[in-house]
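> My questions will all concern the structure given below.
The values are calculated or read from the model by the stated rules, or taken from the named source; none is laboratory data. No experiment lies behind these values; they were computed from the predicted model shown. A quick note on method: Cβ atoms are made from the backbone with ideal geometry, for glycine too, and the neighbour counts reach across all protein chains shown.
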Amino acid sequence: MKIRKLRCYRCGHVHDILTYDLLEYDHPQILDGTLFSVECEMCQTMNFFDYPIMIKHPELLIAYKNENQEANRWVYSQDDLIEKANILKEGFDDRVIEILKMLFRQRVIDTPIVHFTQANNDLLEFRVVKDKKYQLFTQSLFAYDNLVLKAMDLIQQLSLNEKVIDYKWARENIDKIVTHLYHKDKH
Ligand SMILES: [Zn+2]
């Protein structure tokens, strides 16, 4: 943990901010999104900042904006990092979530910007950015469980040694998974 100085871009007031090299995935500052922002105590303006960090989970080490070789995942945006932490907090697999997102992108919503936010009973909630506005989108837990049941082996195979599990990875692999699901359902 380090203390750094941040000058409010509006009033110039200097704050001490805490930055970390490594944090647990369920640290409250990751989940509530305040890891990279501070409200100015003088003028109440939100100030945003950025730095590389590692996030640790018992099964996954995530590197944000630093391509650490020991990490299992590399992510490049704060939203993607916060999403991964939320996925882990709810006990889901980020690869299955990316495939699920790609399936409903193809069917319902035509945007690459979709982030998992939380599970709510039998629904998975996603935040979608469309026409510069946020929308909430839900998928049933059944759709997630169905993917795990029928395609987990293939998903594991398609993600071997793959550190970047994102929109692009899902887009490259979605056809193989859909074909696989189609054959599973036929037999
Ligand atoms: Zn200020």
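> Name the strands (runs of 3 or more DSSP E) wholly inside region 89-187 in which the number of residues that are within 23 Å of residue 71 (Cα to Cα) and of a type outside the set (A, V, I, L, M) is 2 or more.
Because the criterion is at least 2 residues that are within 23 Å of residue 71 (Cα to Cα) and of a type outside the set (A, V, I, L, M), the strands (runs of 3 or more DSSP E) in region 89-187 that meet it are 114-120.
> When you look at residue 81, is it away from the ligand (no atom under 16 Å from the Cβ), surrounded by fewer than 14 Cβ atoms within 10 Å (Cβ to Cβ) and aliphatic (A, V, I, L, M), yes or no?
Here the answer is no, as residue 81 does not meet what is asked.
> Now for a different question. Mind counting the residues in region 134-187 that are farther than 22 Å from residue 60 by Cα and in contact with a His (Cβ under 7 Å, 6 or more places away or on another chain)?
0
> Taking residue 71, is it surrounded by 15 or more Cβ atoms within 10 Å (Cβ to Cβ) and either in contact (Cβ under 8 Å) with a residue 60 or more places away in the chain or assigned to a strand (DSSP E or B) (or both)?
Spelling it out, residue 71 is indeed surrounded by 15 or more Cβ atoms within 10 Å (Cβ to Cβ) and either in contact (Cβ under 8 Å) with a residue 60 or more places away in the chain or assigned to a strand (DSSP E or B) (or both).
> Follow-up question, since we're still on this one. Where the second residue is part of a helix (DSSP H, G or I) and of a type in the set (Phe, Trp, Tyr) and the first is under 26 Å from residue 79 (Cβ atoms) and lies in region 128-153, which pairs have Cβ atoms under 8 Å and are six or more apart or on separate chains?
137/104; 139/104
> Still on this structure, please answer the following. Which residue is modelled with the lowest pLDDT, if the candidates are limited to region 117-135 and must be surrounded by 13 or more Cβ atoms within 10 Å (Cβ to Cβ) and over 14 Å from residue 92 (Cα atoms)?
130
> Kindly indicate which of 22, 31, 61 is at pLDDT below 95, more than 16 Å from the ligand (Cβ to nearest atom) and not assigned by TED's automatic domain parsing to the domain that holds residue 161.
31
> Restricting attention to region 34-43, and to residues there that are in a loop (DSSP other than H, G, I, E, B) and exposed (fewer than 14 other Cβ atoms within 10 Å of the Cβ), which single residue is farthest from the ligand (Cβ to nearest atom)?
Residue satisfying both the conditions and the ranking: 41.
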